[in-house]
1. What is the percent carbon and sulfur in the accessible area of region 2-148, measuring with a 1.4 Å probe over the protein chains and ignoring ligands?
2. Would you compute, for the Cα atoms of the chain, the largest minus smallest coordinate along each principal axis and list the three values in descending order, in whole Å?
3. Return the sequence-ordered ³J(HN,Hα) values of region 129-144 in whole Hz as given by the Karplus equation 6.51 cos²θ - 1.76 cosθ + 1.60 applied to θ = phi - 60°, using x for Gly and Pro.
4. For the chain, what is the calculated [θ] at 222 nm in deg cm²/dmol (nearest 500), taking -39500 (n - 2.57) for each run of four or more DSSP H residues and dividing by its residue count?
5. If we sort 52-61, 131-140 on the protection proxy, mean other Cβ atoms within 10 Å, highest first, what's the order?
6. Accessible area per residue of region 1-132 at 1.4 Å probe, in Å²?
7. Considering only protein heavy atoms, what is the solvent-accessible area of Met25 at a probe of 1.4 Å, reported in Å² to the nearest 10?
8. Which FRET efficiency value, to the nearest 0.05, do you get for Glu6 and Ala73 by plugging their Cβ-Cβ distance into 1/(1 + (r/R0)^6) with R0 = 22 Å?
Amino acid sequence: MLRETEEGDLPALYEHQRDPEAARMAAFTPRDLPAFLHHWRTRILGDPRVRARTIVVDERIAGFVSSWTQGEARLIAYWVAREHWGRGVATAALAEFVERVDPMRPLDAFVATSNHGSVRVLEKCGFGLVAGSAETGPDGVEEVRYRLGSP
Ligand SMILES: CC(C)(COP(=O)(O)OP(=O)(O)OC[C@H]1O[C@@H](n2cnc3c(N)ncnc32)[C@H](O)[C@@H]1OP(=O)(O)O)[C@@H](O)C(=O)NCCC(=O)NCCS
């Protein structure tokens, strides 16, 4: 269900991240179109160290999974469009990504404590809560780190 993300996917991915309910869940401030395109073109598609995969369901763009290196850590992020929620899409996409796309370990994800769906997706894919990782940002949102693989 994953294929390499292409320039032509960006309009759909832009719409997904603008969904207010999804953005609230992820505690993410949506980017406007110029900022979104700049970020994806330069930081993601333009960087060979970043792996980005588009989730395809019934031949439609349903979201993405990506991984990148930040400091010492290899991080992942994912997003599923609301019309596909609750059908195992994120779990299947993340499972495929960690098995076939990015072999690096550990792989880490930051998730808002209140994002129960995302926490469940991570747990189902074998990620475990990093003890003592809870931190509340300036926006008042508490986030925790989940990790696949040791240490
Ligand atoms: C969070 C998100 C990825 C879940 O995607 P999804 O495709 O609906 O997830 P799945 O169908 O694979 O569900 C996996 C598990 O999470 C549970 N779940 C999904 N959404 C949930 C929610 N809103 N509340 C509680 N549990 C939820 C499912 O019941 C399932 O658990 P189960 O197998 O024990 O029943 C999706 O809602 C999303 O992309 N949200 C916006 C962006 C975001 O939050 N990204 C992650 C940032 S860390």
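The values are calculated or read from the model by the stated rules, or taken from the named source; none is laboratory data. Keep in mind that this is a model prediction, so the values were computed, not measured. Here the Cβ positions follow ideal geometry from the backbone for every residue, glycine too, while neighbour counts run over all protein chains shown. Ligands, DNA and RNA are stripped out before the accessible areas are found, and what is left, the full protein with its side chains, is counted by its heavy atoms. Shrake-Rupley method; radii C 1.70, N 1.55, O 1.52, S 1.80 Å.
1. Summing carbon and sulfur atoms, their accessible area is 50 percent of the total for region 2-148.
2. Result, largest extent first: 40, 34, 32 Å.
3. With the stated coefficients, region 129-144 comes to 5, 7, 4, x, 8, 5, 9, 9, x, x, 7, x, 8, 8, 10, 10 Hz.
4. Theoretical 222 nm ellipticity from helices: -7000 deg cm²/dmol.
5. 52-61, 131-140
6. Heavy-atom accessible area per residue stands at 56 Å².
7. Ignoring ligands and nucleic acids, Met25 comes out at about 70 Å².
8. Values: r = 27 Å, r/R0 = 1.21.
Efficiency computed from Cβ-Cβ geometry: 0.25.
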